[in-house]
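Everything on this sheet refers to the single structure shown next.
The values are calculated or read from the model by the stated rules, or taken from the named source; none is laboratory data. Being a predicted model, the structure only gives us computed values, none of them experimental. Protein only, heavy atoms only, side chains kept; ligands, DNA and RNA dropped before computing areas. Shrake-Rupley method; radii C 1.70, N 1.55, O 1.52, S 1.80 Å.
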Amino acid sequence: MTHPIEFCFDLSSPWTYLAFHNIRPLAARHGATIRWTPILVGGVFNAVNPSVYAAREAMDSPKYRHMGKVMRAWARLAGVELKFPAPWHPLKSIAPMRACCALEDDQAALERFAEAAFHAYFVEQRNLDDLAEVAAVADSIGMDGAALVEAAASQPVKDRLRANTEKLVARGGYGSPSIFVHGTDMYFGNDQLPLVEQALVQPLGERMS
């Protein structure tokens, strides 16, 4: 199956949480399918966007206070609850992202787990760095949490998450969510979803003319 949209994501990002909820009705409006691709955003930052770490040191700056306001406004617009930051912020996310990677070949299961994990972190403020919490999230949606955590610890899954992350960097990605339309047309973040929608309905040549 061809996926007009590829959504490269890390569960630790509040903007990704918002985009995850907003992109699905967008895709449905146009009959588009979504490929969910787990990545480790820390690995992306280390490779191409290390300035993020310095910016986090200024969380009480005017820019970040305003960003919090905008984030809450986006949550209201999306109709989702958002409690941010959690006591665990910034989440390392390697445990839940390996779990996502273990589910990548079953896209429907991955989507269900990601939705539950986003809720656990951004609404219930649970610590997804804890493997027991990752297992509990899976159990809550009828999966075998212990089996998922075991699969996530396997070398092939670890290698796959690393490969997904390195591939995103090679494609020009620099954070989460990185969204590709028709394979190569990249957009970044929840705010650029209107451009994603435009890309779905208007050929690239027309947009560039």
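By the rule of a C-alpha distance below 18 Å, with chain neighbours fewer than 8 residues away ignored, the aspartates and glutamates paired with Lys158 are Asp10, Glu104, Asp105, Asp106, Asp129, Asp130, Glu150, Glu166. The portion of the accessible surface of the chain made up by carbon and sulfur, rounded to a whole percent, is 56 (1.4 Å probe; DNA, RNA and ligands excluded). Around the amide H of Val123, modelled in the peptide plane, lie the amide H atoms of Lys83, all under 5 Å away and 5 or more residues distant in sequence or on another chain. If you average the C-alpha positions of region 61-106 and of region 181-196 separately, how far apart do those two centres end up, in angstrom? Taking the Cα centre of each part, region 61-106 and region 181-196 sit 18 Å apart.
The order of Ile141, Ile23 by accessible area, most exposed first and with a 1.4 Å probe, is Ile141, Ile23.
Which of His119, His182, His30 moves the most in a Gaussian network model of the chain with Cα springs under 10 Å? Ranking His119, His182, His30 by mean-square fluctuation puts His30 first. Normalised per residue, the accessible area of region 35-181 is 50 Å², obtained with a 1.4 Å probe and no contribution from ligands, DNA or RNA.
Classify region 135-179 as rounded, prolate or oblate, taking a ≥ b ≥ c as the square roots of the eigenvalues of its Cα gyration tensor: rounded when a/c is under 1.5, otherwise prolate if a/b is larger than b/c and oblate if not. Since a/c reaches 1.5 but b/c is at least a/b, the shape of region 135-179 is classed as oblate.
In the chain, Rg over Rh equals 0.95, where Rg is the alpha-carbon radius of gyration and Rh the Kirkwood radius from pairwise Cα distances. Lys83 contributes about 90 Å² of solvent-accessible surface, heavy atoms of the protein only, 1.4 Å probe. Computed with a 1.4 Å probe on the full set of protein chains, the accessible area for Trp36 sits at about 10 Å².
Under 5 Å from the amide H of Thr37 lie the amide H atoms of Phe7, Cys8, Phe9, each residue being 5 or more positions distant or on a separate chain, with H modelled from the backbone and absent for Pro and chain starts. Taking amide H positions as modeled 1.01 Å from N, with prolines and chain starts lacking one, no residue 5 or more places away or on another chain lies under 5 Å from Ser176. In the complete set of protein chains, residue-level accessible area for Asp105 is approximately 120 Å², probe 1.4 angstrom.
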